[in-house]
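Peer 1: One structure is given below, represented as C-alpha cells, and several questions about it will come after.
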Amino acid sequence: MPSLLAFQFWDDECVVYNRLSGDTHLLPALHAEILQLITEGIRGDNLIARLIAEHAISHDEATELTSSLYKSYKSLGLVDSSWN
Amino acid sequence: MKPVLLIEFLRSCGAGELTKTEAQRYPWELLIRQSRRANLISRVALFLQEAGILDDIPAQPRQHFLNALRIAKANARATNWEVRDLYRILRGQNIDFILLKGSAYIWSENSASKGRLFSDVDIMVRESSLEDAERVLVHSGWMGSTLNGYDQRYYRQWMHEIPPLQHLKRQTTLDLHHSIIPPVSYPDFPAEKLWQQAIPAEDMPGLFMLSHIDMILHSAVHLFHEGEFDQGLRDLSDLDLMIREYILDGDLWEGLLLRAAELGLELPLYYALNYTQRVLATPVPEQILQKAARQRGRRHLPDGLLDLLFLAAFVPDHETCRVRGGKVARFLLFIRSHWIKMPWHLLFPHLVRKGWLRLRGENSH
Amino acid sequence: MLISDLDCNTLKTHLSGQGLRFRTGPFSVSLRATIPAIARHIAKLYPHSETLDNDAFIDFHITTHQVAGLRRWLKPQVVFSFDGYKPFKPLPLAQAAAAFEWGLNWCIASSSHQYLIIHSAVVEKDGQAVILPGSPGSGKSTLCAALIHRGWRLFSDEMALLSAADGMIHSVPRPVSLKNQSIEIIKAFTQEPVWGERIEGTTKGDIEHMCAPDSSVRQPPTAIHAKYLVFPHYQSGCLTEITPLSKGRASMNLIENAFNFNILGHQGFEMVSDLVDSLECYDFTYPDLKQALDGIEQITSAKP
C-alpha cells in the first residue's frame, strides 16, 4: 500500500498531501520531518532521541515540540491511531 | 419504445457482451451524452475499462471516459474520508451507525460502487440515539439546515430522517436516518430488524452496513417510494448490479422474498425485480417474479399505468432519447411517492404548499 | 474554415438549427442559440475559431435558450444547458453572452480532468510563458489584456490548462473578460481590439469581452512549458514590489486557485510539485497598468 502522505521538500519548507482527506498542508521542513518519522512508527522517546541526535535542540525542546505537533497533526487528520 | 443507446449498452454489459463492441465504429459521443445526463458516465467508463476495450476507443471519446474514472475515484476518496470523520465523531459517543446507499456501496466496494457518483452521505442510527447523534454532529462541524419551521416540522413529524445537515467546511450534505421508510407511510416499520442482520465493518467496531439482502430492499424502497426519478436509471442499475452480485451468484432468491415479507416490503421488491428484469435484463427467474407478484400486497395504482410511468421515467431525460411525457411521468411519480407516504388529509395541504412555493420560484425539499 | 469566413445568415442558421460546431483551444463545441446577442457575440469574439464538420467529435453540446413560459413576457431570461444539465439559475436575457462564457468555463472545469485547471491567465513571448493566477481584484485580466497588445501571445485569460500527460500548459485563447473600471482602462490603453457588447449588472458587475488581436492567437505552438509564476496584486497608490515567492507557498497558492485539484488528488499534487519546481515564482504588487507592464518585462528579462 502506498504511503498515505506525500511530502515535497523545498529548502526550509515542505508541502504535505494527505491522500485520505485530499488536503494539502504547508509545514516548516523540521515539522514535516517529524511527521514523516511519526508515520514511520517512530514515536515517544525514540522520536525525541532522533531529533536530539540530528538537530541541535535540547531534550526539553524536543519533548515539547513533538507533543504539540502530534496534537495538531491529529486534529488535522494527518496522524490517527487507526491507520498508523 | 425506441431502443435507447445507454440502456442497450447497460444490457450488453449485464450479458457480458461488451467485449464484442466495435470500438472504432460505436457511437461513443451519443453514449457519453446520454450517460452524462443520467449520471452514469463513470459507471459506463468503468465497465469499458473492465471489459478491456477502453484502449481501443478513439482518443477524443476515450478522454471523456478517463476523466469520468478520475471523478469516480475522487468521489470515492471523499466519501471514505467523510465516513472516517463520522466514525471519529460518533464513536466518541459510542453511537453505532449503519452506512446507507452510495456511501455503503463505496465503503464496502460492492458492485454498485462501480463508478457511483453522489453528493450526500446517508447514515442510520437507532431512534434512541438520534438526538445524541444530532447534537454531537452539530458540535463537530455538521450544521443544521436553515429550513423554515414548516419544513422542520415536516421532517421531524413525518419522515425517517432529520433535516439534512451540512459540513461547515466541506459542504457535504449528511442525511441522518433512524429508519429507511417514513413512519407516516409505514408506522410500525421494524427498523430494529435491520440492526439484527447488519454486517459490522472490518476493524471499526460500531460501524455497520445493511445485510446484502437488506441493502437491496432499501435500494428498492428508496427508488420506488421516494419518487426522485431524476436518477432513476442510475438507481435501477444499482439494483441490477447488486441483485446479480448478491442474489444470483448465491441463489438467494427465496431468502430475498422471505425477508421482504418479514419487513413488509413486498411491493417495492416486486417493482425492483420486475423493472430491473424488463429494463436491464436482470436474470430474475420467472417463478420468482410470479411469486413476488403474488406476495406483494396493496397496490396504489393499476399495473398498466405504473408501467407507462416507470418505463418513461427510466429513459434518460436527454434530447436524443427523451420520451414524450417523460417529464409528466416523473412528476406523477413524485406525486405518487407523496401519496404513498402521507394520508390524504395531510398530503393535500402539503402539495398545495409545495406548488405555491414552486410558483414563487422558491426551493422546497 | 474559420467562423470569420461564415456570413451572418449562415452563422445564424447553424446556431438556430443543428448547432454551430467549432473548436476553441483543445475543445470542440456545438452551440445552439436562437438569441441574437449570442450570434453577434460569437461572430465578433470567436472569429479565429475553426469550424468543424458534422462528423467531428464534439466535447460539449451546449444550448443557451430563452426560458419559455409566461415569464418570458415579464422578465425574459436565458438558461445555459450542457447536454440537458443546467448548472446555473436562469439569468436576465441581456446577460446571454456572459451566460455562454461562464457556462463554457463550467463545462471545461467540470469535465476536462486531463488537465489541472488553474484560475489564471497565461501569456507567452519568445517561448517564455508566464502564469498569472488571479483572485478577484488582482487585476489579472486587465494585465493580460494589456500584455497581449504589447507583443505577448494569449494562451488563456481565465484558465491555465496544465496537462497531466506532458506537464505543459495548453492554450485556450478565448475572449478576455474585463469588468467595471478595467474596461475603460484598457480602452484608454489601446484602440486596437474588437469589443463585444457591454453587459450591465451581472453578479460580477459590468462586463465587456475583448477579442484577442490576430497576432496573439493564430500562430503555434499550442502547448508550452511555463517559466514564470507571478501572483499579481493590484493596489492603488502602492509602490511596485517584486518579491520572490518560496516554492512551498507558491504550491499552496496554485492549489488554492485550481478548480479541480480535488479530482486529480495525488496526481494533481505531483503535477503542481513538478511545475513549481521548474518555475521562478513571484508576488507582484503594482499601482497601475504601466508599472505592471514594466514589472512583467523586468521579471522576464533581467533578474529583479
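Peer 1: Along the charge dipole of the protein assembly as shown, which of B:LEU174, C:LEU116, B:ASN39 sits closest to the positive end, that is, farthest toward it, with unit charges on the beta carbon of Lys, Arg, Asp and Glu (+1, +1, -1, -1)?
Peer 2: B:ASN39
Peer 1: If you don't mind, there's one more thing I want to ask. What net charge is computed for the residues neighbouring A:ARG50, neighbours being all others with C-beta under 11 Å from the C-beta of A:ARG50, Lys and Arg scored +1, Asp and Glu -1?
Peer 2: -3
Peer 1: Could you tell me the distance between the Cα centroids of the stretch C:1-30 and the stretch C:122-170, to the nearest Å?
Peer 2: Comparing the Cα centres of the stretch C:1-30 and the stretch C:122-170, I get a distance of 26 Å.
Peer 1: In addition: Would you work out the relative contact order for the stretch C:22-135, in percent, from Cα pairs under 8 angstrom that are 6 or more residues apart?
Peer 2: Across the stretch C:22-135, relative contact order equals 19 percent.
Peer 1: Hey, another quick one. Post the alpha-carbon centroid distance, the stretch B:296-336 to the stretch C:39-114, in whole angstrom.
Peer 2: 30 Å
Peer 1: Between B:GLU50 and C:ALA164, what is the label-to-label distance in nm when each label sits 7 Å out along the Cα-to-Cβ direction?
Peer 2: About 2.1 nm, to one decimal.
Peer 1: To the nearest 10 degrees, how steeply does helix C:36-45 sit against the main Cα axis of chain C, on a 0 to 90 scale?
Peer 2: With rounding to tens, the tilt is 40 degrees.
Peer 1: Based solely on its DSSP helices, what 222 nm [θ] is calculated for the protein assembly as shown when runs of n ≥ 4 H residues each add -39,500 (n - 2.57) and the sum is averaged over all residues, nearest 500 deg cm²/dmol?
Peer 2: Dividing the helical sum by the residues of the protein assembly as shown leaves -14000 deg cm²/dmol.
Peer 1: Now for a separate question. When only Cα pairs under 8 Å and 6 or more residues apart are kept, what is the percent relative contact order across chain B?
Peer 2: Relative CO of chain B lands at 16 percent.
Peer 1: How big is the dipole moment of chain C about its Cα centre under a simple scheme where the beta carbon of each Lys and Arg is +1, that of each Asp and Glu is -1, and everything else is neutral? Debye, nearest 20, please.
Peer 2: Using only the charged Cβ atoms, the result is roughly 920 debye.
Peer 1: Would you work out if chain B is rounded, prolate or oblate? Take a ≥ b ≥ c from the square roots of the eigenvalues of the alpha-carbon gyration tensor; rounded if a/c is under 1.5, else prolate when a/b is larger than b/c, oblate otherwise.
Peer 2: Judged from the Cα gyration tensor, chain B comes out rounded (a/c under 1.5).
Peer 1: Another question about this same structure. Cross-link partners among lysines for B:LYS169, C-alpha distance below 18 Å, same-chain residues fewer than 8 apart left out?
Peer 2: List returned: A:LYS74.
Peer 1: At 0.36 nm per residue, minus the direct Cα-Cα distance, what do C:ASP5 and C:GLU50 gain on full extension? Give it in nm, one decimal, please.
Peer 2: 15.2 nm
Peer 1: Quick check on the protein assembly as shown: of the DSSP beta bridges with both residues there, what percent are antiparallel, nearest 5%?
Peer 2: Roughly 75 percent of the DSSP beta bridges within the protein assembly as shown come out antiparallel.
Peer 1: For the pairs B:LYS101/B:LYS327; B:LYS101/C:LYS86; C:LYS12/C:LYS86; C:LYS89/C:LYS247, note any where the Cα-Cα span goes beyond 31 Å.
Peer 2: Violating the 31 Å Cα-Cα cut-off are C:LYS89/C:LYS247.
Peer 1: Could you size up the charge dipole of the stretch B:81-172 around its Cα centre, putting +1 on the beta carbon of Lys and Arg and -1 on that of Asp and Glu, and report it in debye to the nearest 20?
Peer 2: 240 debye
Peer 1: Running a GNM on chain B with Cα contacts under 10 Å, which residue among B:GLN171, B:GLN295, B:GLN60 ends up with the highest mean-square fluctuation?
Peer 2: Top of the fluctuation ranking is B:GLN60.
Peer 1: Percent relative contact order of the stretch C:106-235, based on C-alpha pairs within less than 8 angstrom and at least six residues apart?
Peer 2: Relative contact order for the stretch C:106-235 comes out at 30 percent.
Peer 1: Apply 1/(1 + (r/R0)^6) to the Cβ-Cβ distance of C:SER301 and A:ALA29, taking R0 = 30 Å, and write down the FRET efficiency to the nearest 0.05.
Peer 2: 0.40
Peer 1: Express as a percent, rounded to the nearest 5, the fraction of DSSP beta bridges in chain B (both residues included) that run antiparallel.
Peer 2: 55 percent
Peer 1: Antiparallel DSSP bridges in the stretch B:69-183: what percent, to the nearest 5?
Peer 2: Of those bridges, close to 60 percent are antiparallel.
Peer 1: Between the stretch B:92-131 and the stretch B:1-59, what is the separation of their alpha carbon centroids in Å?
Peer 2: With the stretch B:92-131 and the stretch B:1-59 each reduced to a Cα centre, they are spaced 29 Å.
Peer 1: List the pairs from A:LYS71/C:LYS204; C:LYS44/C:LYS140; B:LYS114/C:LYS227 whose alpha-carbon separation is above 32 Å, in the order I gave them.
Peer 2: Going by Cα-Cα distance, A:LYS71/C:LYS204; B:LYS114/C:LYS227 fall outside the 32 Å limit.
A short reminder: the numbers here are calculations on the coordinates, not readings from a lab. Nothing here was measured: the structure is a model prediction, and the numbers come from that model. Virtual Cβ from ideal backbone geometry, glycine too; neighbours counted across all protein chains shown.
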